[in-house]
1. Would a scan of the stretch 155-172 turn up a residue that is part of a helix (DSSP H, G or I) and of a type in the set (Ser, Thr, Tyr)?
2. Looking at the stretch 233-251, I want the residues that are at pLDDT below 95 and aromatic (Phe, Trp, Tyr) and have a partner that is assigned to a helix (DSSP H, G or I) and surrounded by fewer than 17 Cβ atoms within 10 Å (Cβ to Cβ) with Cβ atoms under 6 Å, at least 6 apart or on another chain. Which pairs are those?
3. Which pairs do you get when a residue that is without any contact (Cβ under 8 Å) to a residue 40 or more places away in the chain, found in the stretch 136-159, comes within reach of a residue that is assigned to a helix (DSSP H, G or I), reach meaning Cβ atoms under 8 angstrom, with the pair 6+ apart or on two chains?
4. Looking only at residues that are small (Gly, Ala, Ser) and farther than 20 Å from residue 110 by Cβ in the stretch 1-41, which one is surrounded by the fewest Cβ atoms within 10 Å (Cβ to Cβ)?
5. Tally time: how many residues in the stretch 144-155 are surrounded by 14 or more Cβ atoms within 10 Å (Cβ to Cβ) and either modelled with pLDDT under 95 or over 20 Å from the mean Cα position of the chain (by Cα) (or both)?
6. Of the conditions (1) free of Cβ contacts under 8 Å to residues at least 12 places away in the same chain; (2) surrounded by 16 or more Cβ atoms within 10 Å (Cβ to Cβ), residue 266 fails just one. Which one is it?
7. Applying the selection to the stretch 67-86, what residues are buried (at least 17 other Cβ atoms within 10 Å of the Cβ), over 26 Å from residue 230 (Cβ atoms) and either touching a strand residue (DSSP E or B) at 6+ places or on another chain (Cβ under 9 Å) or not aliphatic (A, V, I, L, M) (or both)?
8. Collect the residues in the stretch 222-232 that are small (Gly, Ala, Ser) and at pLDDT 95 or above, keeping them in residue-number order.
Amino acid sequence: MIYIYSLIFGFIQGITEFVPISSSGHLVVLHDIWQLSMIDNLAFDVALHLGTALAVIIFFRIKLLRYIVVVLQVFLPKRTADKDDLKEALLLIYATIPAAIVGGIFSKHIESFFRNTWTVIITLSVGAVLFFWAERVSQKKKDFSQISIVQAVYIGIAQVLALIPGVSRSGITIIAGMSAKLKRAQAAKFSFLMSVPIILGAGFFQMIKVKWELLSQTELYLFALGFISSFVVGYLVIKFLLKFLEKHSLRVFAWYRLGLALILLIWMILR
């Protein structure tokens, strides 16, 4: 059964990392329900997040490679960088800075204080209300290459809130993008691309904390299963969601968040 649990955790991570319903919130609840005492939860969650990070990298591999090349071309003599690619790369860099700074300094304190089911109930509900608000007031007419540096930083500041479980990194950044007049699918694309350095950076610092030499062979197999599961599901979800958001609103995810918050509230009261 423990291997089935690993696959389930990876499956849930692959979906919730990109669908705006909060991966951290779901993992907090899953760990609360299934207390897998035989594994290191921190190391396991690192494996799951790295799986979804790889999904983004593979899915956007051509775009990411172009960004890397165009940034390097700036420092090479007699090489002209593509202006559109350079602008997009710089927008992503500016958007990453707020979460990188705040996460690097305060992530440990935020995680220890907010990592509980009651926080997830509140943030799921608040996020749902914001989804309804964004769909009602946003104009949704820009591609992400058309936003300004200030707007990119604004979306990056919104990403800071995702350090709190239940907020949803993709959800809060898509909302911020839509409020900056981005088309829904373009806001999602910007959100997914800007997640790469954050997820990889957070994963790296979490990996440092793990005592890998103390992990059993069984744990390593479980981590590998979770990693593969989150990668495969995450890749498929990215592909699906970008197409879905071109024609559909965020309201279905808002209703899901409210329903889950209600179920968790009842569960916490009755447990």
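1. Yes, there is a match, as at least one residue in the stretch 155-172 is part of a helix (DSSP H, G or I) and of a type in the set (Ser, Thr, Tyr).
2. From residues that are at pLDDT below 95 and aromatic (Phe, Trp, Tyr), there are no pairs.
3. Sorted first by the residue in the stretch 136-159, then by its partner, the pairs are 154/176; 158/172; 158/173; 158/175; 158/176.
4. Top of the filtered list is 37.
5. Selection size over the stretch 144-155: 3.
6. It fails just one condition, (2).
7. 85, the sole residue that qualifies.
8. 229, 230
The values are calculated or read from the model by the stated rules, or taken from the named source; none is laboratory data. The model shown is predicted, which means the values in this text are computed figures rather than measured ones. When we count neighbours, we look across all protein chains shown, and the Cβ atoms used for this are built from the backbone with ideal geometry, even at glycine.
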